[in-house]
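Below: one structure, written as structure tokens.
The values are calculated or read from the model by the stated rules, or taken from the named source; none is laboratory data. Just so you know, these numbers come straight off a predicted model, no measurement behind them. Counting neighbours? That spans all protein chains shown, and the Cβs are built from the backbone with ideal geometry, glycine included.
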Amino acid sequence: MTPAFGEALIALLPNLRRYAMSLSRRADIADDLVQITVERALTNHASFDPSTRLEPWLFRILRNAFIDMTRRNRTQGTQLDVFEMPEVISTDGEAVIQSRLMLQSTVEAMEALPAEQRDVLHLVCIEELSYAEAAEVLDIPKGTVMSRLSRARLALAEKLGIK
């Protein structure tokens with residue numbers, strides 16, 4: 001492994017965590033997914049093509065780890081963390097409260113989207129991947145990314161009352 005590979009991997013940790021949070025919706029699981037991703041990337045760094053971007057390769061590893069984890073957890077049933085507490089909205093100003101409410105509404109609207117649309121929306125709009133890179137991560141054609149993104153944006157706008 002080259003030092004540049006390790007530095008690039010470290011620089012992408014916040015992006016990996018953000019994508020992991022999008023998939024899992026739980027901080028503890030997101031942290032586990034990032035750790036699994038880093039371990040697999042370091043173990044298999046020789047299979048990375050340096051002529052391509054590292055980020056889509058890592059996102060694909062993370063997504064596959066999430067799929068593996070989800071399949072494994074199906075047999076375990078539902079597990080709840082008794083220490084989770086809902087966040088308390090601070091009252092430090094009307095604008096902050098309105099922003100948080102809008103953000104919460106957006107998160108809820110995104111969660112209501114089908115998983116295929118939510119994944120594409122997150123990768124393109126939040127992680128700023130190109131359509132081709134998102135298609136590579138999700139292992140679907142670029143045209144499918146474009147149509148899912150279009151449907152996701154329309155559905156999100158409708159759910160938020162913007163359309």
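Within segment 94-153, the residues that satisfy the criterion of being among the hydroxyl-bearing types (Ser, Thr, Tyr), assigned to a helix (DSSP H, G or I) and exposed (fewer than 15 other Cβ atoms within 10 Å of the Cβ) are 99, 105, 106, 147, 150. Restricting attention to segment 36-53, does a residue exist that is free of Cβ contacts under 8 Å to residues at least 24 places away in the same chain, buried (at least 17 other Cβ atoms within 10 Å of the Cβ) and in contact with a helix residue (DSSP H, G or I) (Cβ under 9 Å, 6 or more places away or on another chain)? Looking for residues that are free of Cβ contacts under 8 Å to residues at least 24 places away in the same chain, buried (at least 17 other Cβ atoms within 10 Å of the Cβ) and in contact with a helix residue (DSSP H, G or I) (Cβ under 9 Å, 6 or more places away or on another chain), one finds none in segment 36-53, hence no. Residue pairs whose Cβ atoms lie under 8 Å apart, separated by 6 or more positions or on different chains, with the first residue in segment 4-17 and in the same structural domain as residue 66 (by TED's automatic domain parsing) and the second acidic (Asp, Glu) and loosely packed, with under 15 Cβ neighbours inside 10 Å, are 17/31. The numbered conditions (1) farther than 30 Å from residue 113 by Cα; (2) part of a helix (DSSP H, G or I) are all true for residue 51 except (2). Selection of first residues in segment 143-155 that are touching a residue at least 24 places away in the same chain (Cβ under 8 Å) and of second residues that are crowded, with 16+ Cβ neighbours inside 10 Å and of a type in the set (S, T, N, Q), restricted to Cβ pairs under 8 Å at least 6 apart or on distinct chains, gives the following pairs, ordered by first then second residue: 148/117; 149/117; 151/117; 152/117; 155/117.
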